[in-house]
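Presented below is the structure to which this report refers.
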Amino acid sequence: MKFKKYEKNPILKPNPSNQWEELCVLNPAAIEKDGKVYMLYRAAGNDKTHLIHIGLAISDDGINFIRQSDKPLISGDPNGIDAGGCEDPRLIKLGDYFYLTYASRPFPPGQYWREDKEYFGFKPEHGPKVLVWNNTLTHLAISKDLKNWKKLGPITDPHYDDRDVVIFPAKVQGKYFMLSRAMERCGDQYPNQNPAIWISSSDDLLHWDNYSLLMEGKEDWESKKIGASTPPILTKDGWLLLYHGVSSKDDAYRVGAVLLDKDDPTKILYRTKDFLMEPEEEYETNGYYNGCVFPTGIIRKGEDLYIYYGAGDKVICLATVNENELLEFLKGEK
């Protein structure tokens with residue numbers, strides 16, 4: 001099985017009229033509200049610092065999106081721990097509120113694809129690892145209307161470079177659950193040799209503990225590292241999660257799926273052996289990361305799932321799959 005890529009991809013491109021999104025748009029969160037699809041997307045301009053922002057676009061049909069402002073929706077606090085920008089958002093709804101996770105660094109990352117990339121932070125002799133090495137923390141924000149956001153601060157451990165964080169959109173057995181991928185949570189002292197997906201729980205969405213390994217890469221296409229992609233969605237058969245894998249052979253990002261038990265998300269029921277989507281098209285293989293499909297948003301449209309993904313770290317694209325067909329395929333992948 002393979003996801004169907006929209007024939008008119010990309011659906012959102014860089015906007016030369018706005019400096020903060022003139023270079024790239026990618027890795028969007030997506031959710032439905034009042035019959036419309038809200039897309040919160042990562043964007044950056046052509047500045048050496050590569051300061052990253054989050055913009056907002058809205059669609060009536062889930063395909064044709066209209067930008068809502070010539071200014072970013074969310075940016076880092078210049079004097080805060082997220083000063084390096086806000087990137088790779090994921091979005092869920094719990095009760096009456098929307099919750100957004102986003103990755104950030106204390107300093108801008110610079111244009112990471114360039115051999116002459118500059119460093120824009122400082123490395124004090126003393127201080128937390130996140131500051132000394134400009135590592136990633138994942139933050140949480142809350143909103144009632146998807147337009148006005150209150151930042152709640154970091155939710156990952158500053159001792160780890162931790163991103164690809166998704167929160168389950170419902171409590172399970174009285175607990176909140178979260179998936180994450182810390183780069184250092186691997187090696188000889190761990191059950192996994194390479195960066196993998198870990199699951200943790202919380203009583204308040206801010207403090208997370210009881211970390212345990214959920215899954216690690218098994219196949220060649222996911223041999224270097226894996227991470228959660230879209231927030232889990234509850235189906236008739238369990239929690240459906242799309243995840244990405246990176247191959248140690250070609251460094252390409254590909255996409256798989258896993259089904260978790262609805263009452264115990266630490267339990268894997270089914271998992272794809274082969275990838276469901278890979279970089280093939282020019283807009284996926286020729287960008288600022290050559291060979292990347294990176295889903296971060298998913299919604300239901302009738303019987304189909306609309307999957308929003310960054311391509312080549314440059315543009316935003318759409319792929320679809322019939323939900324029941326995907327579930328049946330998964331259940332055949334013991």
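We did not get these values from a lab; they are worked out from the coordinates using the rules stated. These figures come from a predicted structure and were not determined experimentally. Cβ sites come from the backbone with ideal geometry, for glycine too, and all protein chains shown count toward neighbours.
Some notes on this structure:
- Farthest toward positive dipole pole in the chain [+1 Lys/Arg, -1 Asp/Glu at C-beta], among G85, G256, N148: N148
- Pairwise centroid distance, computed over Cα atoms, of region 48-117 with region 144-196, Å: 17 Å
- Radius 12 Å from Cβ of R300, net charge of other residues (Lys, Arg +1; Asp, Glu -1): -3
- Using Cβ point charges alone (K and R +1, D and E -1), the dipole size of the chain about the Cα centre works out to roughly 460 debye.
- Between region 237-258 and region 274-334, the alpha-carbon center distance in angstrom: 10 Å
- When each of V25, V321 is scored by the number of other beta-carbon atoms lying within 10 Å, the sequence from fewest to most is V321, V25.
- Helix-derived mean residue ellipticity, 222 nm - over the chain, DSSP H n ≥ 4, -39500 (n - 2.57), to 500: -1000 deg cm²/dmol
- By average C-beta atoms within 10 angstrom, highest first, the peptides 76-89, 259-272, 106-119: 76-89, 259-272, 106-119
- Sparsely packed loop sites in region 1-101 (the trypsin sites (Lys or Arg not before Pro) outside DSSP H, G, I, E and B with at most 11 other Cβ atoms within 10 Å) comprise K8.
- Rotationally averaged projected area of region 33-96 (alpha carbon convex hull; nm²): 5.8 nm²
- Reach of K8 by Cα under 20 Å, taken over aspartates and glutamates that are not fewer than 8 positions away in the same chain: D60, D61, E278, E280, E281, E282, E284, D304, D313
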